[in-house]
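As structure tokens, the structure follows; a few thoughts come after it.
The values are calculated or read from the model by the stated rules, or taken from the named source; none is laboratory data. Values in this document were obtained by computation on a predicted structure and should not be read as measured data. Reconstructed Cβ throughout: ideal geometry from the backbone, glycine too, with neighbour counts over all protein chains shown. Ligands, DNA and RNA are excluded from the accessible area calculation, which covers all protein heavy atoms including side chains. Shrake-Rupley method; radii C 1.70, N 1.55, O 1.52, S 1.80 Å.
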Amino acid sequence: MSISANNPSLKSWVEVPTDSDFSIQNLPFGIIKTPNLTPRVAVRIGDKVLDLKTLFVLGYLENLPYELSDFDSEYLNKMMKRGKKATRDLRNRISKLLDVNQADLQKNQHHVDQVLLAVESVDMCMPIQIGDYTDFYSSKEHATNVGVMFRDPANALLPNWLWIPVGYHGRASSVVLSGQSIYRPKGQVKPVETEDPIFAPSSQLDFELEMGFFTYDGKPLGDSISTAEAEEYIFGMCLFNDWSARDIQKWEYIPLGPFLAKNFASSISAWIVTLDAMEPFKVDSPKQTPEVLSYLKFDGLKSYDINLEVAIEPDNAQETVISRSNFKYMYWNMAQQLAHHTVNGCNVRSGDLMGSGTISGPTEDSYGSMLELAWKGTKPLKMNDGTERKFILDKDTVIMRGYSEKDGVRVGFGEVSTKVLPAK
Ligand code: CA
């Protein structure tokens with residue numbers, strides 16, 4: 001199946017600023033609303049959004065396997081139910097409608113006025129009704145750093161780590177959209193100087209720089225998705241900040257893993273970039289030693305070159321970029337994660353969210369959490385406003401950004417931005 005929408009030579013009649021994440025080669029999906037428009041499916045291009053509900057009503061999406069209700073919806077799930085090929089055909093159609101060499105929509109100003117809205121004029125909504133959320137632990141650098149800090153520098157990686165894309169089941173109800181503030185969590189912590197635990201607001205609130213991916217409907221319960229099939233079951237990707245309370249985590253995580261340290265909030269970016277749009281940015285994965293079991297082997301390129309950065313914006317001050325990383329550092333790729341997730345017969349459904357796990361690079365300035373960047377509080381980070389951070393303070397806003405670039409084409413994710421409010 002050809003992905004004509006990925007043609008790097010395409011230009012749009014809609015103006016796209018040169019540094020925009022939202023080129024005509026991107027065309028990510030999201031849900032918008034305005035005071036006058038009910039929630040509906042939209043596609044982003046440059047600083048504009050394309051209203052797919054109205055586009056459908058005006059007849060521009062004919063001969064595609066969609067109904068009006070797929071776009072006249074407060075979530076992308078109905079549209080996603082149509083599957084991978086339908087999404088691909090839809091994105092190819094939208095690309096054609098926005099192509100500078102195509103007159104159909106471009107030359108009908110009356111229609112353009114109805115379907116093309118300024119991004120500032122719309123509110124972004126949670127794009128997907130998330131059924132289940134699974135989080136992995138797939139960055140070797142991150143797992144090693146955490147192992148060095150909390151266990152044994154000589155045996156930082158646990159014996160299973162190089163064999164299994166380690167993961168756990170997270171909580172979908174507390175996944176929030178970029179722009180929504182969160183409250184500092186409270187819970188049991190066990191300071192070293194006290195014998196018993198105490199109840200307190202977390203004093204070690206942290207972010208985790210991750211990417212998320214959303215699935216289409218998978219196979220029936222009992223069946224597995226292979227690494228070769230995995231891409232057919234992945235709709236798209238977003239930026240993902242998996243908030244973590246390190247002090248709560250440290251006390252509670254043995255023996256079943258994180259619970260309240262992780263389930264109070266996770267933030268996603270608003271525009272879901274299709275896996276199709278990421279196709280040109282595939283790169284080699286890190287070499288895996290020892291050789292993985294056969295169900296985790298894969299052919300071809302399965303990693304993606306995505307530049308990532310994290311910034312902290314203190315209250316009433318300018319932001320400071322504190323980390324620059326890349327998605328390509330991940331040891332276990334998405335195909336392996338999905339294959340592993342389903343190898344026991346576990347099913348995935350349309351709208352399930354998978355977190356990559358914290359993405360740490362090889363250098364100290366590419367780590368994906370405060371825990372690592374400030375090394376358990378021993379190396380506080382200097383902010384541009386003169387203050388220091390060991391962890392995230394009240395009223396700090398944490399901003400993550402990501403984009404890929406190749407052959408003059410930029411495909412990006414915008415940002416996920418979340419302000420932390422004092423504990424309730
Ligand atoms: Ca995580």
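Before moving on, here are some points about what is shown:
- Placing dummy labels 7 Å off each Cα toward the beta-carbon, the span from Asp152 to Glu291 is 2.9 nm.
- For the listed peptides 329-337, 344-352, 153-161, 259-267, a ranking on the average number of other beta carbons within 10 Å per residue, highest first, reads 329-337, 259-267, 344-352, 153-161.
- Computed over the Cα atoms of the stretch 202-348, the ratio of the radius of gyration to the Kirkwood radius (Rg/Rh) comes to 1.00.
- Note on Lys382/Glu193: beta-carbon distance plugged into 1/(1 + (r/R0)^6) with R0 of 25 Å gives a FRET efficiency of 0.35.
- Here the stretch 4-125 was treated as a single set of alpha-carbon atoms; its pair distances binned every 5 Å from 0 give 2, 12, 23, 26, 22, 13, 3, 0 percent.
- Prolate/oblate/rounded label for the stretch 12-64 (Cα gyration tensor, a/c 1.5): oblate
- In terms of packing, defined here as the mean over residues of other Cβ atoms within 10 angstrom, the peptides 168-179, 36-47 line up highest first as 36-47, 168-179.
- Among the chymotrypsin sites (Phe, Trp or Tyr not before Pro) in the stretch 116-156, none sits in a DSSP loop with a Cβ that has at most 15 other Cβ atoms within 10 Å.
- For the stretch 4-125, the carbon plus sulfur part of the accessible surface works out to 47%, probe radius 1.4 Å.
- Projecting the Cα positions of Val57, Asn36, His111 onto the charge dipole of the stretch 4-125 (unit charges on Cβ atoms of Lys, Arg, Asp and Glu, taken about the Cα centre) puts Val57 furthest along the positive direction.
- Loop-located trypsin sites (Lys or Arg not before Pro) in the stretch 278-319 (DSSP state other than H, G, I, E, B) with a sparse environment of at most 10 neighbouring Cβ atoms within 10 Å: Lys287.
- By average C-beta atoms within 10 angstrom, highest first, the peptides 374-385, 391-402: 391-402, 374-385
- Relative contact order (%) - the stretch 133-421, alpha-carbon pairs under 8 angstrom, separation at least six: 27 percent
- Carbon plus sulfur fraction of accessible area for the stretch 345-423, probe 1.4 Å, in percent: 47 percent
- Accessible solvent surface per residue of the chain, calculated while the other protein chains remain in place, 1.4 angstrom probe, Å²: 43 Å²
- Every pair of different Cα atoms in the stretch 344-405 enters the Kirkwood calculation, which places the hydrodynamic radius at 14.7 Å.
- R0 of 56 Å, Cβ-Cβ distance Asn108-Asp407: FRET efficiency to nearest 0.05: 0.95
- Shown for the stretch 133-265: lysine pairs separated by 8 or more places, or found on different chains, whose C-alpha atoms are under 14 Å apart, numbering 4.
- The stretch 225-264 and the stretch 29-58 have Cα centres spaced 30 Å apart.
- For the stretch 169-271, the Kirkwood estimate of hydrodynamic radius, built from reciprocal distances between every pair of different alpha carbons, is 15.8 Å.
- Residue-span extension gain [Asp315 to Asp284] - 0.36 nm each, minus C-alpha spacing: 7.1 nm
- With distances taken between every two different alpha-carbon atoms, the stretch 133-421 has a Kirkwood hydrodynamic radius of 19.3 Å.
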